[in-house]
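Step one of this worksheet: look at the structure below.
What follows is calculated from the coordinates using simple rules that are stated; it is not laboratory data. Since the structure is predicted, the reported quantities are computational estimates derived from the model, not experimental observations. Every residue, glycine among them, receives a Cβ derived from its backbone with ideal geometry; neighbour counts consider all protein chains shown.
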Amino acid sequence: MELATASDPTPPAALAAITIRRPEREDGATVWQLVADTASLDDNSMYCNLLQCSHFASTCAIAEIDGEVVGWLSGYIAPEHPDTYFVWQVCVAEKARGRGLAKRLINAVLARNVCSGIRRIQSTITSDNRPSWALFGSVAETLDADLVRQPYFRRDDHFAGKHDTEFLVTIGPFERETLPVREVA
Ligand SMILES: CC(C)(COP(=O)(O)OP(=O)(O)OC[C@H]1O[C@@H](n2cnc3c(N)ncnc32)[C@H](O)[C@@H]1OP(=O)(O)O)[C@@H](O)C(=O)NCCC(=O)NCCS
């Protein structure tokens with residue numbers, strides 16, 4: 001389902017070719033390849049992506065341009081914090097970056113009925129991932145919400161020295177009325 005936003009600056013011709021939709025089981029292998037092709041992301045098992053595309057489909061989204069999968073958002077409602085949407089991975093193919101797709105994926109999931117109780121967004125980001133900090137900073141700005149960061153999975157305490165520290169970013173609380181998209185996807 002195409003979700004146009006009042007503030008979306010993309011010209012109508014380009015917008016027409018972009019689709020944001022829920023994943024299906026059949027998308028799992030394609031999503032796995034998109035993530036595998038993205039150097040800054042940890043690889044998943046294909047089984048993990050298959051579970052995301054099935055059991056977690058209602059809180060995940062795919063962006064397609066002319067039928068080609070170019071964007072992926074995985075996330076879930078935190079089991080112990082039902083007001084919090086946790087972004088697991090967000091990924092846009094290099095050729096499709098800078099067109100607002102990552103932000104649209106997040107907005108599209110937040111607009112769904114399943115997210116009606118969501119008042120916070122969380123994710124973890126390494127300190128050097130500038131595009132990701134810019135994305136979440138922009139999301140916080142749009143939602144007129146605070147953004148706080150704190151170390152969460154530390155290099156030595158949690159990653160056994162094998163991975164940079166992941167900082168927990170928390171955006172919120174925000175009011176549902178501030179969402180730029182309110183259609184139900
Ligand atoms: C992070 C990523 C998903 C952004 O995708 P995108 O579709 O290009 O992002 P958007 O176009 O929606 O940009 C959203 C905002 O972030 C800003 N932004 C995005 N990439 C940026 C960059 N490289 N440098 C500076 N700002 C950037 C945009 O300017 C925009 O800000 P605005 O709304 O104020 O104009 C993409 O770069 C990516 O897939 N990176 C590799 C995977 C990754 O690191 N994922 C995040 C960790 S899970």
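Inside region 88-105, can you point out the residues that are touching a residue at least 40 places away in the same chain (Cβ under 8 Å) and either touching a Leu at 6+ places or on another chain (Cβ under 9 Å) or among the hydroxyl-bearing types (Ser, Thr, Tyr) (or both)?
Result: GLN89, VAL90, CYS91, ALA93, ARG104, LEU105.
Which numbered condition trips up ALA102, out of (1) small (Gly, Ala, Ser); (2) out of contact with any Cys (no Cβ under 9 Å at 6 or more places or on another chain); (3) within 14 Å of the ligand (Cβ to nearest atom)?
(2)
Can you pull out the residues in region 56-74 that are within 13 Å of the ligand (Cβ to nearest atom), among the small types (Gly, Ala, Ser) and farther than 13 Å from ALA96 by Cα?
Answer for region 56-74, where residues must be within 13 Å of the ligand (Cβ to nearest atom), among the small types (Gly, Ala, Ser) and farther than 13 Å from ALA96 by Cα: ALA61, SER74.
Could you please find all residues in region 121-131 being without any contact (Cβ under 8 Å) to a residue 60 or more places away in the chain and either under 16 Å from TRP88 (Cα atoms) or near the ligand (Cβ under 8 Å from one of its atoms) (or both)?
Hits for region 121-131 are ILE121, GLN122, SER123, THR124, ILE125, THR126, ARG130, PRO131.
Of the conditions (1) part of a loop (DSSP other than H, G, I, E, B); (2) within 8 Å of the ligand (Cβ to nearest atom); (3) of a type in the set (Lys, Arg), LYS162 clears all except one; give me its number.
Checking LYS162 against (1) part of a loop (DSSP other than H, G, I, E, B); (2) within 8 Å of the ligand (Cβ to nearest atom); (3) of a type in the set (Lys, Arg), the one that fails is (2).
Quickly run through region 88-99 and pick out the residues that are near the ligand (Cβ under 7 Å from one of its atoms) and either in contact with a Lys or Arg (Cβ under 7 Å, 6 or more places away or on another chain) or closer than 22 Å to LEU51 by Cα (or both).
If the condition is that a residue be near the ligand (Cβ under 7 Å from one of its atoms) and either in contact with a Lys or Arg (Cβ under 7 Å, 6 or more places away or on another chain) or closer than 22 Å to LEU51 by Cα (or both), then GLN89, VAL90, CYS91, VAL92 are the ones that fit.
Could you list, in sequence order, the residues of region 34-53 that are farther than 17 Å from VAL70 by Cβ and within 12 Å of the ligand (Cβ to nearest atom)?
Selection gives ASP42, ASN44.
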